[in-house]
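One structure below.
The values are calculated or read from the model by the stated rules, or taken from the named source; none is laboratory data. Keep in mind that this is a model prediction, so the values were computed, not measured. Please note: Cβ atoms are built from the backbone with ideal geometry, for glycine as well, and neighbour counts cover all protein chains shown.
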Amino acid sequence: MRQLAEVVELRRSGVVTLIDPAGGGRIVSLVIAGVERILPKARARAREPALYWGCYPMVPWAGRLAHGRIPTNHGEVRLEPNLPPSAIHGLGFDKSWVIVERSETAVTMACELRGLGWPFGGRALQTLRLGVRGLELELEVGGYTKAGPAGLGWHPWFTRPSGADLELRVDASEVLVLDADLIPTGEVRRVTPIEDLRSGPPLGERRLDHVYVRSKGPARVRWPDLELRVEYDMSLQTVVVHTPPEGICVEPQTMWPNAPLLAAAGVRDTGLRTLQPGESLSAIERWVWNV
């Protein structure tokens, strides 16, 4: 059964999550132990573009593409920047997703990939499953009409605790070098002490917007009352960490930002996949919590 829907509620073992299919297929609320863990739209720094709240899928690319540039064997594609000078976070976060299947603890949604001049076609499928002590996020992209780049990820905005700090652990010793527009140059460097999250330090006043590479899961977000593990496999070992005052983002993804240009320039290990018609790419991430 396919249907457009209002906000979908999944409920299990005292945990409630709300998903907005029409609002980018995003998680708009996750209440665990009576506390909201996902930054709501009301507290977002901006409403447009729809990048600054909830947890949304990044598909068919993750992160920034410099000036929307995608080299192909048939010439360069130039997408319209949706956060100038970049095309950022794919095509799904501001589209309506259609419910394909739904139960009390799971929902599957689909989205046709179009807009910004994207010429490769395609379709994304996202499933969210609420368990007893965790949430599984599954994302797949395929159905291209011609060969094109593909990458997947999720962009959660987690809340900061009121009047307290939280701790963040990401097991990675290297980050990408970024230019003034936060675009990776292709170089990799060691983390500095303030960027080193391997010990799970309190975030304090650290203001990070960094791309950690070759990371090992899980990442850990620890509130005073809850630890949440972000579990992911080797396909998601690029993790963007963003820590502005209003919330924190921990974003496992299959590709580096700007991977199409970097790969075309000969940079290795960017995680970029080129999908042919009939091929697909999928990824799974799990959030597991302990109160």
> residue 59 passes all but one of (1) modelled with pLDDT under 95; (2) buried (at least 21 other Cβ atoms within 10 Å of the Cβ); (3) of a type in the set (Val, Ile, Thr); which number fails?
Replying inline: (1)
> Under the condition of being in a loop (DSSP other than H, G, I, E, B) and of a type in the set (Val, Ile, Thr), which residue from the stretch 250-291 is modelled with the lowest pLDDT?
Replying inline: 291
> Could you say whether any residue in the stretch 240-259 is within 20 Å of the chain's Cα centre (by Cα), under 20 Å from residue 43 (Cβ atoms), free of Cβ contacts under 8 Å to residues at least 40 places away in the same chain and surrounded by 16 or more Cβ atoms within 10 Å (Cβ to Cβ)?
Replying inline: yes
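If we only count strands (runs of 3 or more DSSP E) wholly inside the stretch 28-99, which ones have 1 or more residues that are among the hydroxyl-bearing types (Ser, Thr, Tyr)? Walk me through it before giving the result.
Working: elements: 55-58, 64-66, 69-72, 75-78, 86-88.
The qualifying strands (runs of 3 or more DSSP E) are 55-58, 69-72, 86-88.
Among 65, 139, 135, which is on the phi < 0 side of the Ramachandran plot, touching a helix residue (DSSP H, G or I) at 6+ places or on another chain (Cβ under 9 Å) and touching a residue at least 60 places away in the same chain (Cβ under 8 Å)?
Working: 139 fails: touching a helix residue (DSSP H, G or I) at 6+ places or on another chain (Cβ under 9 Å); 135 fails: touching a helix residue (DSSP H, G or I) at 6+ places or on another chain (Cβ under 9 Å).
65 is the lone residue from the list that is on the phi < 0 side of the Ramachandran plot, touching a helix residue (DSSP H, G or I) at 6+ places or on another chain (Cβ under 9 Å) and touching a residue at least 60 places away in the same chain (Cβ under 8 Å).
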> On the given criteria, is residue 222 more than 30 Å from residue 74 (Cα to Cα), part of a strand (DSSP E or B) and either modelled with pLDDT of 95 or more or hydrophobic (A, V, I, L, M, F, W, C) (or both)?
Replying inline: yes
> Does the stretch 200-218 hold any residues that are in a loop (DSSP other than H, G, I, E, B) and of a type outside the set (Lys, Arg), and which are they?
Replying inline: 200, 201, 203, 204, 205, 208, 215
> Is there any pair with a first residue in the stretch 194-214 that is of a type in the set (Gly, Ala, Ser) and a second that is surrounded by 14 or more Cβ atoms within 10 Å (Cβ to Cβ) whose Cβ atoms are under 8 Å apart and which are 6 or more apart or on different chains, and what are they?
Replying inline: 199/169; 200/167; 200/168; 200/169; 200/220; 200/222; 204/165
>> Among (1) closer than 29 Å to residue 86 by Cα; (2) in contact with a Leu (Cβ under 7 Å, 6 or more places away or on another chain); (3) surrounded by 14 or more Cβ atoms within 10 Å (Cβ to Cβ); (4) not hydroxyl-bearing (Ser, Thr, Tyr), there is one condition residue 209 misses while meeting the rest; what is its number?
In response: (3)
>> Against the definition (among the acidic types (Asp, Glu) and crowded, with 18+ Cβ neighbours inside 10 Å), how does residue 140 come out, yes or no?
In response: yes
> If you check every pair at least six apart or on different chains, which have Cβ atoms under 7 Å apart with a residue in the stretch 153-172 that is farther than 30 Å from residue 60 by Cα first and a residue that is assigned to a strand (DSSP E or B) and not β-branched (Val, Ile, Thr) second?
Replying inline: 161/223; 165/202; 166/222; 166/223; 167/202; 167/222
> Residues in the stretch 100-117 that are free of Cβ contacts under 8 Å to residues at least 24 places away in the same chain, in a loop (DSSP other than H, G, I, E, B) and under 18 Å from the mean Cα position of the chain (by Cα): how many?
Replying inline: 0
